[in-house]
Amino acid sequence: IRGASSIAALTGAGISTESGIPDYRGPGGLWETRDLPTISDYLENIETRRSYWQRRLADYPGLAAREPNAGHRALMTLEERGILLAIITQNIDGLHQKAGNTPARVLELHGNVRELRCVDNGHIWTAEYVRDRLVAGEDDPRCEICGSILRTGTVLFGDPLPQQTLQAAVRVSQLCDVMLVVGSSLVVNPAARLPRIAREHGASLIVINRTPTPLDAEADVLIEGEAGPTLASIVTRLDAVRSEDQRL
Ligand code: NAD
């Protein structure tokens, strides 16, 4: 990192657990506690949609109140230092943008919870607007412009990934000189594939995770630890060595 000029961070649910958002495959994560719908089930069954919207309404205040933690802030500091190319994230919580990272530098592979869209024409509605309609009593809200089913802006099981974002993520992986993987179990593609692309194009690979990942053996540096304190300490030490470098 000391010599890096274009770092790419690849973040997963693990960077946000310290903000109080459970991860997916960790103990007590959503994989165990939630039955997430497939896109075809969602589109075909009104009951699936109704229970989805009820859950979303219940989750909304908690998610909107979440704040970035030391890990998100450290990545923001890397951007301020001019050495962060982009953050590729599997997260849908928007905490990188809330921490201050430039939205164009945050590539959301799995979409986000800020926006909802209609399935027929892609008309975009904000989460707040739809929440107000749910609060007012609607249980299967429709697009006010074309009447089609509204859906989350996040990727559901069976959905394709947003292709332009994926292409940008591949490009960033090819361009970066260091890839910093933080809080991802790296068991699903394409996230699991991106660090390999980065390495094939000459980048160093740093993995920071609480638990082992399938890419640990390929990492140049492996840190088994907590995302927030680890990233914060990396930034502090980086600032120290960079000011030392400037003095020399
Ligand atoms: P994952 O749940 O599969 O893996 C998270 C990894 O982070 C685990 O290996 C866990 O041990 C590690 N971890 C947890 N807390 C950590 C911490 N404080 N420091 C270091 N490591 C920590 O997550 P994934 O790989 O991102 O895949 C899950 C999918 O679920 C994502 O695609 C995402 O879309 C979705 N999801 C998103 C959020 C969110 O937006 N915050 C939360 C849950 C799930």
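The values are calculated or read from the model by the stated rules, or taken from the named source; none is laboratory data. Since the structure is predicted, the reported quantities are computational estimates derived from the model, not experimental observations. Backbone-built Cβ (ideal geometry, glycine too); neighbour counts: all protein chains shown.
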*Given Val188, Val241, which one is at pLDDT below 95 and near the ligand (Cβ under 10 Å from one of its atoms)?*
Val188
*Which of the residues belonging to the range 175-193 are crowded, with 18+ Cβ neighbours inside 10 Å and either farther than 16 Å from Ala9 by Cβ or within 14 Å of the chain's Cα centre (by Cα) (or both)?*
Leu180, Val181, Val182, Gly183, Ser184, Ser185, Leu186, Ala191
_Given (1) touching a residue at least 40 places away in the same chain (Cβ under 8 Å); (2) over 19 Å from Thr38 (Cα atoms), identify the lone condition not met by Arg151._
(2)
*Within the range 150-157, identify whether any single residue is crowded, with 16+ Cβ neighbours inside 10 Å, hydroxyl-bearing (Ser, Thr, Tyr) and under 25 Å from Ala4 (Cβ atoms), and answer yes or no.*
no
*Odd one out for Gly122, checked against (1) part of a loop (DSSP other than H, G, I, E, B); (2) more than 25 Å from Leu175 (Cβ to Cβ); (3) modelled with pLDDT of 95 or more*: (3)
*asked:* Out of everything in the range 57-95 that is in contact with a Ser or Thr (Cβ under 8 Å, 6 or more places away or on another chain) and β-branched (Val, Ile, Thr), what residue ends up being surrounded by the fewest Cβ atoms within 10 Å (Cβ to Cβ)?
replied: Ile83
*Residues in the range 46-72 that are within 16 Å of the ligand (Cβ to nearest atom) and farther than 20 Å from Arg114 by Cβ: how many?*
2
*Check whether at least one residue in the range 99-114 is touching a Phe, Trp or Tyr at 6+ places or on another chain (Cβ under 9 Å) and either more than 9 Å from the ligand (Cβ to nearest atom) or farther than 20 Å from Leu175 by Cβ (or both), and report yes or no.*
yes
*Being at pLDDT 95 or above, crowded, with 17+ Cβ neighbours inside 10 Å and within 16 Å of the ligand (Cβ to nearest atom), is that true of even one residue in the range 18-33?*
yes
_For the structure I just gave you, tell me whether Ile124 is touching a strand residue (DSSP E or B) at 6+ places or on another chain (Cβ under 9 Å), within 30 Å of Val181 (Cα to Cα) and either within 16 Å of the ligand (Cβ to nearest atom) or not aromatic (Phe, Trp, Tyr) (or both)._
no
*For the range 144-248, please list each of the helices (runs of 4 or more DSSP H) lying entirely inside it that holds at least 1 residues being in contact with an Asp or Glu (Cβ under 6 Å, 6 or more places away or on another chain).*
227-247
*Scan the range 220-229 for residues that are surrounded by fewer than 19 Cβ atoms within 10 Å (Cβ to Cβ) and touching a strand residue (DSSP E or B) at 6+ places or on another chain (Cβ under 6 Å) and jot them down.*
Asp220, Val221, Leu222, Ile223
